[in-house]
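I have placed the structure first, in the form of C-alpha coordinates, so that the comments after it can refer back to it.
The values are calculated or read from the model by the stated rules, or taken from the named source; none is laboratory data. Just so it is clear, the structure is predicted and the values come from calculations on it, not from any experiment. Methodologically, a virtual Cβ is constructed for each residue, glycine included, from the backbone with ideal geometry; neighbour enumeration extends over all protein chains shown.
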(Lines give C-alpha, C1' and ligand atoms only; values in the text may rest on other atoms or scores of the structure.)
Protein backbone atom coordinates (compact mmCIF):
# COMPACT_ATOMS: atom_id res chain seq x y z
CA UNK A 1 0.00 0.00 0.00
CA UNK A 2 1.14 3.52 -0.66
CA UNK A 3 0.80 5.93 2.23
CA UNK A 4 2.65 9.06 3.17
CA UNK A 5 5.59 7.84 5.26
CA UNK A 6 5.31 10.83 7.58
CA UNK A 7 1.80 9.87 8.69
CA UNK A 8 2.77 6.33 9.58
CA UNK A 9 6.20 6.76 11.12
CA UNK A 10 5.64 9.92 13.17
CA UNK A 11 2.34 8.69 14.58
CA UNK A 12 3.72 5.24 15.44
CA UNK A 13 6.92 6.70 16.96
CA UNK A 14 5.08 9.30 19.04
CA UNK A 15 2.67 6.73 20.46
CA UNK A 16 5.56 4.39 21.33
CA UNK A 17 7.35 7.27 23.10
CA UNK A 18 4.22 7.58 25.26
CA UNK A 19 4.43 3.89 26.17
CA UNK A 20 1.54 2.84 23.96
CA UNK A 21 1.91 -0.66 22.49
CA UNK A 22 1.50 -0.32 18.73
CA UNK A 23 0.98 -2.75 15.87
CA UNK A 24 1.22 -1.74 12.23
CA UNK A 25 -0.57 -3.79 9.60
CA UNK A 26 0.00 -4.32 5.88
CA UNK A 27 -3.16 -3.61 3.90
CA UNK A 28 -2.95 -4.81 0.29
CA UNK A 29 -4.55 -3.10 -2.65
CA UNK A 30 -7.90 -4.60 -3.57
CA UNK A 31 -10.41 -5.51 -0.90
CA UNK A 32 -7.94 -4.95 1.94
CA UNK A 33 -8.24 -8.38 3.51
CA UNK A 34 -5.25 -10.68 3.46
CA UNK A 35 -7.12 -14.01 3.17
CA UNK A 36 -4.64 -16.83 3.77
CA UNK A 37 -1.55 -14.59 3.79
CA UNK A 38 -2.37 -13.49 7.34
CA UNK A 39 -0.84 -16.76 8.49
CA UNK A 40 2.58 -15.82 7.08
CA UNK A 41 4.86 -14.31 9.68
CA UNK A 42 6.56 -11.61 7.60
CA UNK A 43 4.43 -9.21 5.58
CA UNK A 44 6.10 -7.49 2.64
CA UNK A 45 7.28 -3.92 2.98
CA UNK A 46 4.83 -1.14 2.32
CA UNK A 47 6.21 1.35 -0.14
CA UNK A 48 5.41 4.89 0.86
CA UNK A 49 4.43 7.61 -1.54
CA UNK A 50 8.01 8.96 -1.51
CA UNK A 51 9.53 5.51 -2.07
CA UNK A 52 10.57 4.77 1.51
CA UNK A 53 9.99 1.15 2.45
CA UNK A 54 8.32 0.40 5.77
CA UNK A 55 8.05 -3.11 7.17
CA UNK A 56 4.68 -3.56 8.93
CA UNK A 57 4.37 -5.74 12.01
CA UNK A 58 1.58 -7.95 10.67
CA UNK A 59 -0.76 -8.55 7.77
CA UNK A 60 -4.11 -6.83 8.20
CA UNK A 61 -7.01 -9.08 9.07
CA UNK A 62 -10.32 -7.94 10.46
CA UNK A 63 -10.30 -10.68 13.09
CA UNK A 64 -6.94 -9.54 14.47
CA UNK A 65 -7.84 -5.83 14.59
CA UNK A 66 -11.15 -5.81 16.45
CA UNK A 67 -11.97 -3.04 18.96
CA UNK A 68 -11.76 -5.44 21.89
CA UNK A 69 -8.02 -5.83 21.17
CA UNK A 70 -7.03 -2.17 20.71
CA UNK A 71 -7.94 1.26 22.10
CA UNK A 72 -7.23 3.14 18.88
CA UNK A 73 -7.35 2.54 15.13
CA UNK A 74 -5.17 4.87 13.04
CA UNK A 75 -5.66 5.14 9.29
CA UNK A 76 -2.73 6.90 7.59
CA UNK A 77 -3.80 8.57 4.39
CA UNK A 78 -1.90 9.98 1.50
CA UNK A 79 -2.67 9.77 -2.18
CA UNK A 80 -2.77 6.08 -2.96
CA UNK A 81 -3.08 5.00 0.67
CA UNK A 82 -6.34 6.90 1.08
CA UNK A 83 -7.67 5.31 -2.11
CA UNK A 84 -6.68 1.82 -0.92
CA UNK A 85 -8.32 2.32 2.46
CA UNK A 86 -11.47 4.00 1.16
CA UNK A 87 -11.94 1.16 -1.32
CA UNK A 88 -11.59 -1.52 1.35
CA UNK A 89 -14.90 -2.80 2.70
CA UNK A 90 -13.18 -4.62 5.61
CA UNK A 91 -11.40 -1.42 6.70
CA UNK A 92 -14.57 0.65 6.41
CA UNK A 93 -16.43 -1.94 8.48
CA UNK A 94 -13.65 -1.91 11.08
CA UNK A 95 -13.79 1.90 11.35
CA UNK A 96 -17.53 1.68 12.03
CA UNK A 97 -16.94 -1.09 14.61
CA UNK A 98 -14.40 1.05 16.49
CA UNK A 99 -16.65 4.09 16.54
CA UNK A 100 -19.67 2.03 17.64
CA UNK A 101 -17.56 0.50 20.43
CA UNK A 102 -16.63 3.98 21.65
CA UNK A 103 -12.99 3.57 20.61
CA UNK A 104 -10.87 6.27 18.99
CA UNK A 105 -10.26 6.33 15.25
CA UNK A 106 -7.52 8.58 13.90
CA UNK A 107 -7.37 9.49 10.22
CA UNK A 108 -4.75 11.76 8.76
CA UNK A 109 -5.00 13.32 5.31
CA UNK A 110 -8.50 11.95 5.18
CA UNK A 111 -10.74 14.66 6.72
CA UNK A 112 -14.44 14.02 6.31
CA UNK A 113 -15.33 17.73 6.45
CA UNK A 114 -12.48 20.05 5.53
CA UNK A 115 -11.17 22.31 8.27
CA UNK A 116 -8.16 24.63 8.50
CA UNK A 117 -7.47 23.32 12.02
CA UNK A 118 -4.43 21.03 12.28
CA UNK A 119 -6.43 18.46 14.27
CA UNK A 120 -10.20 18.05 14.54
CA UNK A 121 -11.85 15.90 17.20
CA UNK A 122 -15.45 14.88 16.62
CA UNK A 123 -16.57 12.53 19.37
CA UNK A 124 -14.18 9.58 18.95
CA UNK A 125 -13.04 10.50 15.43
CA UNK A 126 -9.75 12.41 15.21
CA UNK A 127 -8.70 13.81 11.83
CA UNK A 128 -5.81 15.84 10.54
CA UNK A 129 -4.79 17.50 7.30
CA UNK A 130 -1.35 16.55 6.03
CA UNK A 131 2.35 15.93 6.70
CA UNK A 132 2.85 19.23 8.53
CA UNK A 133 0.10 18.40 11.03
CA UNK A 134 1.33 14.90 11.85
CA UNK A 135 3.05 15.84 15.12
CA UNK A 136 0.03 17.65 16.61
CA UNK A 137 -2.15 14.75 15.39
CA UNK A 138 0.07 12.16 17.08
CA UNK A 139 0.38 14.20 20.28
CA UNK A 140 -3.41 14.64 20.38
CA UNK A 141 -3.78 10.85 20.19
CA UNK A 142 -1.30 10.53 23.08
CA UNK A 143 -3.34 13.02 25.11
CA UNK A 144 -6.62 11.24 24.41
CA UNK A 145 -5.18 7.85 25.39
CA UNK A 146 -2.79 8.85 28.18
CA UNK A 147 -3.66 12.38 29.35
CA UNK A 148 -2.26 15.92 29.09
CA UNK A 149 0.65 15.19 31.41
CA UNK A 150 1.88 12.36 29.19
CA UNK A 151 1.50 14.57 26.09
CA UNK A 152 3.74 17.20 27.69
CA UNK A 153 6.19 14.51 28.84
CA UNK A 154 6.47 13.12 25.30
CA UNK A 155 6.57 16.50 23.53
CA UNK A 156 9.30 17.99 25.77
CA UNK A 157 12.26 15.89 24.58
CA UNK A 158 11.10 16.28 20.97
CA UNK A 159 12.32 19.90 21.23
CA UNK A 160 9.68 21.72 19.23
CA UNK A 161 10.45 25.41 18.68
CA UNK A 162 8.77 27.72 21.18
CA UNK A 163 5.28 28.72 20.10
CA UNK A 164 4.56 25.64 18.02
CA UNK A 165 1.72 23.19 18.55
CA UNK A 166 3.22 20.88 21.22
Subject >> Residue list for the range 62-87, restricted to those being out of contact with any strand residue (DSSP E or B) (no Cβ under 8 Å at 6 or more places or on another chain), within 17 Å of residue 46 (Cβ to Cβ) and surrounded by 16 or more Cβ atoms within 10 Å (Cβ to Cβ) >> reply: 78, 80, 81, 82, 84
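Return yes when residue 20 is at pLDDT 75 or above, at negative phi and part of a loop (DSSP other than H, G, I, E, B) and no when it is not. Let's see the steps before the verdict.
Working: at pLDDT 75 or above: yes; at negative phi: yes; part of a loop (DSSP other than H, G, I, E, B): yes.
Yes; evaluated as a whole, the condition is true for this residue.
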